[in-house]
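**Q** I am attaching a structure below and will ask some questions about it afterwards.
The values are calculated or read from the model by the stated rules, or taken from the named source; none is laboratory data. Remember, predicted model here, so these are calculated numbers, not experimental data. Note that we place each Cβ from the backbone using ideal geometry, even for glycine, and neighbour counts take in every protein chain shown.
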Amino acid sequence: MNAVLSGLWPYLLLVLVGFLPNEIWRVLGLVLARGLNEDSELVVWSRAVATAIIAGVIAKLIVFSSGALENIPLAVRIVAAACGFVAFLAIRRSVFAGVLAGEIVLLAGGYLFGP
Amino acid sequence: MTPRSATAKYSARPFFAGVKSALTSVFFLVLAGTYIGIGALAHDFGFPSWWLAVSTVLVWAAPAQVILISALGGGNALIEAAVAVSLSAIRLFPMVVALLPLLRGPSVRTRDLLLPTHFTSVSMWVESLRLLPAMPRERRVAFCNGIAVGYMGTATVFGFIGFYLAAGLPPLLAGTLLFLTPMSFLTSTVRNSRQLVDRLAFGLGLVIGPVLIVNHVGLDLMWTGIAGGTIAYGINRLRGATT
């Protein structure tokens, strides 16, 4: 791909950009474990921010797909995600059912409308 | 008999009981599917398979790993990738805060808590909070570590499987593997969002994210989180104030 992804550089990036920014919150939890509870305003806000980021990542992966998923038309990807989500809600909020339904629709749609 | 030998005597059995409980829980399937997807994603963005394995052990948080892979592989600024990873990891803080009181006990030293702290993730946390209260305190740390090692091993193995499947499968099937990550995150995040504020934030993030990208706003993930999260928090506060 690009030069960044060769040699040891990816592992250094992994530590600096992935491990440390992530681990800091666990360590803070260990150090400051007393005083904050799950319902404190700061915890509620930070959970909302984290949830919105994850939603943004999901939307990005579906709408602006890359690689092999890019070959499946956008409409098929969105309809498949919507069907999977409805199946998840309908079948006892089962993650497994939702993922399975979404994948079946994606596969069928990709087969019918793909390149 | 000294307390130390008592610890040694009790640590192997609860540890393997934890591993066994991990491999037979519902999260086994969820993790397998999620990490097959992440393995395919890592392959897609051109990362080595061992890099993914190391990231699973070091980062040990599927959302952070997906953000890291898509941001680094997609050429986003390093600082933005780090901020987005860090914002996605804030949820680990209240989880550790809630878990540690269950593990503390007279024979538990602070350094015994280092591994459970690093191992804290949604899957391990949910199972620990469910199973630990019924267990004697001196066995809890080992059991908890066992659960986490079971899950981490599962995730690492299926990461490799997804990586090499994506390399060898025809495009349509490789595409369905890549779809596992958004699909499993979509459903599992909503399942974990029990409060209105979390659901609002989730819906807002789904809309704001693509809108920012279409309009070429830089640091899109960070702004999606801050805008979506703060608006959801504000709406929730206003609703609370009127009722």
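**Q** What is the residue count in the range B:204-219 for residues that are in a helix (DSSP H, G or I) and either more than 7 Å from chain A (Cβ to nearest Cβ) or surrounded by fewer than 14 Cβ atoms within 10 Å (Cβ to Cβ) (or both)?
**A** 4
**Q** Just the residues that are buried (at least 24 other Cβ atoms within 10 Å of the Cβ), among the hydroxyl-bearing types (Ser, Thr, Tyr) and in contact with a Lys or Arg (Cβ under 9 Å, 6 or more places away or on another chain), please, taken from the range B:172-202.
**A** B:Thr187
**Q** Turning to a different aspect of this structure: With respect to the numbered conditions (1) free of Cβ contacts under 8 Å to residues at least 40 places away in the same chain; (2) surrounded by fewer than 23 Cβ atoms within 10 Å (Cβ to Cβ); (3) more than 7 Å from every other protein chain (Cβ to nearest Cβ), which one is the sole condition not fulfilled by B:Val57?
**A** All conditions pass for B:Val57, except number (1).
**Q** From the list B:Arg137, B:Arg130, B:Arg199, which one is of a type in the set (D, E, K, R) and under 30 Å from B:Arg237 (Cα atoms)? Can you show your working first?
**A** Working: B:Arg137 fails: under 30 Å from B:Arg237 (Cα atoms); B:Arg130 fails: under 30 Å from B:Arg237 (Cα atoms).
Criteria check complete, one pass: B:Arg199.
**Q** From the list B:Ser128, B:Ser88, exactly one residue is within 29 Å of B:Leu219 (Cβ to Cβ), hydroxyl-bearing (Ser, Thr, Tyr), out of contact with any Gly (no Cβ under 6 Å at 6 or more places or on another chain) and not in a loop (DSSP other than H, G, I, E, B). Which is it?
**A** Residue meeting the stated conditions: B:Ser88.
**Q** Further question: Only one of B:Ala71, B:Ala64, B:Ala53 is under 19 Å from B:Ser188 (Cα atoms) and not charged (D, E, K, R). Can you tell me which?
**A** Matching residue, one of B:Ala71, B:Ala64, B:Ala53: B:Ala64.
**Q** Then there is this: Residues in the range B:59-81 that are in a helix (DSSP H, G or I) and over 12 Å from the mean Cα position of the chain (by Cα): how many?
**A** Qualifying residue count, the range B:59-81: 10.
**Q** Residues that are of a type outside the set (A, V, I, L, M, F, W, C), at pLDDT 95 or above and under 28 Å from B:Arg194 (Cβ atoms): list the helices (runs of 4 or more DSSP H) wholly contained in the range A:60-115 that include at least 1 such residues.
**A** Working: elements: A:67-70, A:74-90, A:95-113.
Filter on the range A:60-115 gives A:74-90, A:95-113.
**Q** Looking only at residues that are modelled with pLDDT under 90 and over 17 Å from B:Val59 (Cα atoms) in the range B:29-42, which one is surrounded by the most Cβ atoms within 10 Å (Cβ to Cβ)?
**A** Step by step, filter the range B:29-42, then rank; the result is B:Gly33.
**Q** In addition: All but one of (1) within 28 Å of B:Gly175 (Cα to Cα); (2) at pLDDT 95 or above hold for A:Ile54; which doesn't?
**A** (2)
**Q** Could I ask something else about it? Just the residues that are at pLDDT below 90 and of a type in the set (Val, Ile, Thr), please, taken from the range B:227-243.
**A** Listed by number, the residues that qualify are B:Thr242, B:Thr243.
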